[in-house]
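Read the structure below first, then the notes.
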Amino acid sequence: MKRTEIRELAFQLLYSSQIQKEMKQQQVELFLQENKIENKKQVAYIKAVFNGVKKNRQEIVNLIASNLKEKWTMNRISKINLAILELAIFELIYSKIPYKVVINEAVELAKKYGEDSSKSFVNGVLASIVKEKNLSQEE
């Protein structure tokens, strides 16, 4: 499985935790079993994303909230877009994946799973975070 496919699965796991309104370790194990993910690197990546987002959720949410345009609130963001942003911000800040890769992958997820406006919304929030955190120098 390619990194893009594993990233998509990590997004699906984060999205399911949004729906269930909780993040429990047993969700990860069940998710891995249901999707027949056994490759050690793939399992490690999905667990790292899930645990990293869980551990840093407040900082991630604060980053999203502080980079929304006027008149936008966290309550207005769809669960799909929120899960995409959580994954992307985790990769940007904690995994140090180049921002161009992260934004491109997040926009592709938004195109596939989100509404028509999702891709530009996700792109805008992430671009603002890259600028705020001065991540453009880490290419």
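The values are calculated or read from the model by the stated rules, or taken from the named source; none is laboratory data. Worth saying up front: this structure is predicted, and the values here are computed from it rather than measured. Methodologically, a virtual Cβ is constructed for each residue, glycine included, from the backbone with ideal geometry; neighbour enumeration extends over all protein chains shown. These area figures cover heavy atoms from the full protein model, side chains too; ligands, DNA and RNA do not enter into them. Shrake-Rupley method; radii C 1.70, N 1.55, O 1.52, S 1.80 Å.
Select from segment 18-39 the residues that are within 16 Å of the chain's Cα centre (by Cα), farther than 19 Å from E105 by Cβ and surrounded by 15 or more Cβ atoms within 10 Å (Cβ to Cβ) and list them in ascending order.
M23, V28, listed by residue number.
Kindly establish whether E115 is open to solvent by less than 70 Å² (accessible area, probe 1.4 Å), under 25 Å from Q20 (Cα atoms) and among the acidic types (D, E).
no
So how many residues does segment 1-17 have that are within 13 Å of A83 (Cβ to Cβ) and open to solvent by less than 70 Å² (accessible area, probe 1.4 Å)?
Summing the residues that are within 13 Å of A83 (Cβ to Cβ) and open to solvent by less than 70 Å² (accessible area, probe 1.4 Å) in segment 1-17 gives 10.
Which ones in segment 112-124 are assigned to a loop (DSSP other than H, G, I, E, B) and more than 14 Å from the chain's Cα centre (by Cα)?
Matches in segment 112-124: E115, D116, S117.
What number of residues within segment 76-111 are under 8 Å from the mean Cα position of the chain (by Cα) and of a type outside the set (A, V, I, L, M, F, W, C)?
The qualifying residues number 2.
Within the bounds of segment 61-75, is there any residue that is closer than 21 Å to E5 by Cβ, in contact with a Ser or Thr (Cβ under 9 Å, 6 or more places away or on another chain) and not hydroxyl-bearing (S, T, Y)?
No, because not a single residue in segment 61-75 is closer than 21 Å to E5 by Cβ, in contact with a Ser or Thr (Cβ under 9 Å, 6 or more places away or on another chain) and not hydroxyl-bearing (S, T, Y).
Restricting attention to segment 125-139, report how many residues are assigned to a helix (DSSP H, G or I) and either touching a Ser or Thr at 6+ places or on another chain (Cβ under 7 Å) or under 20 Å from R57 (Cα atoms) (or both).
So the answer is 8.
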